[in-house]
Amino acid sequence: MEEKQDFLFIHPEYGWKLRVKKVNGRILFNAADVCKCLGYDNVDEALKKYVNPADIFTDIDLNTDKKKLN
């Protein structure tokens, strides 16, 4: 059975807010929130430049493609 949990992490010193999902024990951070905390204005460009495409999931992926999380 798939276990999902959503929560919000707020950095105590800087006040950064990061949406986080826990799916089957795996922690997934919201890319837009992480980019904002790191000072990137263009999320799409930052993801293309710094993140392996195999490591990017969408809510649709999380809901329908369980194999990607294994």
### Query
Do we find a residue being among the β-branched types (V, I, T), open to solvent by less than 100 Å² (accessible area, probe 1.4 Å) and either at pLDDT below 90 or in contact with a Phe, Trp or Tyr (Cβ under 6 Å, 6 or more places away or on another chain) (or both) anywhere in the stretch 36-49?
no
### Query
When you scan the stretch 1-35, how many residues do you find that are open to solvent by less than 80 Å² (accessible area, probe 1.4 Å) and polar (S, T, N, Q)?
1
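The values are calculated or read from the model by the stated rules, or taken from the named source; none is laboratory data. Note that the structure is a prediction, hence the values are computed from the model and not measured. Neighbour counts run over all protein chains shown; Cβ positions are idealised from the backbone, glycine included. Quick note on the areas: whole protein, heavy atoms, side chains included, nothing else; ligands and nucleic acids left out. Shrake-Rupley method; radii C 1.70, N 1.55, O 1.52, S 1.80 Å.
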